[in-house]
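Comments concern the structure below.
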Amino acid sequence: NRPDLVIRAASSVLSQQTDYTFTVTIVDDGSTHELQPTGVLADSRVSILRQPHRGACAARNRGAKAATGRYLIFLDSDDEAEPQ
């Protein structure tokens, strides 16, 4: 239920200044405020998975199963990635 923070966290990953290609998978763990794919969330590198509330571990496991890249990091909604 913190869409502004989720958008900030996703933006911090997508604005990375490196040579890597990033994708962002957001796992909505039962929030009552449905994230809309607008703005940064409409970026083709962003996907949103929704599930009933099952807790942080279940959300991370779901995101890990959906991941396809070489590296995997987890950010909570109130986290931000450093620029590099």
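The values are calculated or read from the model by the stated rules, or taken from the named source; none is laboratory data. What you see is a predicted model; the values in this text were computed from it and never measured. Positions of Cβ are generated from backbone atoms using ideal geometry, with glycine treated the same way; all protein chains shown enter the neighbour counts. All accessible areas refer to the heavy atoms of the entire protein, side chains included, with ligands and DNA or RNA removed. Shrake-Rupley method; radii C 1.70, N 1.55, O 1.52, S 1.80 Å.
Output the residues belonging to the stretch 1-26 that are closer than 19 Å to Ala64 by Cα, open to solvent by less than 60 Å² (accessible area, probe 1.4 Å) and free of Cβ contacts under 8 Å to residues at least 60 places away in the same chain.
If the condition is that a residue be closer than 19 Å to Ala64 by Cα, open to solvent by less than 60 Å² (accessible area, probe 1.4 Å) and free of Cβ contacts under 8 Å to residues at least 60 places away in the same chain, then Ala10, Leu14, Phe22, Val24, Thr25, Ile26 are the ones that fit.
Sort out which residues of the stretch 49-63 are in a helix (DSSP H, G or I) and either open to solvent by 40 Å² or more (accessible area, probe 1.4 Å) or in contact with a His (Cβ under 6 Å, 6 or more places away or on another chain) (or both), and write them in order of number.
Kept after step one, since they are in a helix (DSSP H, G or I), are these residues of the stretch 49-63: 56-63.
Residues satisfying the conditions are Ala56, Cys57, Arg60, Asn61, Arg62.
Being open to solvent by 40 Å² or more (accessible area, probe 1.4 Å) and out of contact with any Phe, Trp or Tyr (no Cβ under 6 Å at 6 or more places or on another chain) is the requirement here; does Arg70 meet it? Even if it seems obvious, please write down each step before you answer.
Values: open to solvent by 40 Å² or more (accessible area, probe 1.4 Å): yes; out of contact with any Phe, Trp or Tyr (no Cβ under 6 Å at 6 or more places or on another chain): yes.
Against the criterion (open to solvent by 40 Å² or more (accessible area, probe 1.4 Å) and out of contact with any Phe, Trp or Tyr (no Cβ under 6 Å at 6 or more places or on another chain)), Arg70 qualifies.
Scanning for something of a type in the set (A, V, I, L, M), within 13 Å of the chain's Cα centre (by Cα), surrounded by 15 or more Cβ atoms within 10 Å (Cβ to Cβ) and not in a loop (DSSP other than H, G, I, E, B), does the stretch 34-42 turn up at least one residue? Full working, then the answer.
Narrowing the stretch 34-42 to residues of a type in the set (A, V, I, L, M): 35, 40-42.
So of that shortlist, the ones also within 13 Å of the chain's Cα centre (by Cα) come out as 35, 40-42.
The next check asks that each one be surrounded by 15 or more Cβ atoms within 10 Å (Cβ to Cβ); those that pass are 35, 40-41.
From what is left, the residues that are not in a loop (DSSP other than H, G, I, E, B) are 40-41.
Taking every residue of the stretch 34-42 in turn, at least one turns out to be of a type in the set (A, V, I, L, M), within 13 Å of the chain's Cα centre (by Cα), surrounded by 15 or more Cβ atoms within 10 Å (Cβ to Cβ) and not in a loop (DSSP other than H, G, I, E, B).
Out of everything in the stretch 19-35 that is modelled with pLDDT under 90 and in contact with a Pro (Cβ under 8 Å, 6 or more places away or on another chain), what residue ends up being farthest from Ile73 (Cα to Cα)?
Step one: filter the stretch 19-35 for residues modelled with pLDDT under 90, giving 19-22, 33-35.
If we keep only those that are in contact with a Pro (Cβ under 8 Å, 6 or more places away or on another chain) as well, we get 33, 35.
Numbers: His33: 24, Leu35: 21 Å.
Selected residue: His33.
Quick one: count up the residues across the stretch 5-38 that are of a type in the set (Asp, Glu) and touching a Lys or Arg at 6+ places or on another chain (Cβ under 6 Å).
Taking the stretch 5-38 first, the residues of a type in the set (Asp, Glu) are 19, 28-29, 34.
Those left that are additionally touching a Lys or Arg at 6+ places or on another chain (Cβ under 6 Å): 28.
Selection size over the stretch 5-38: 1.
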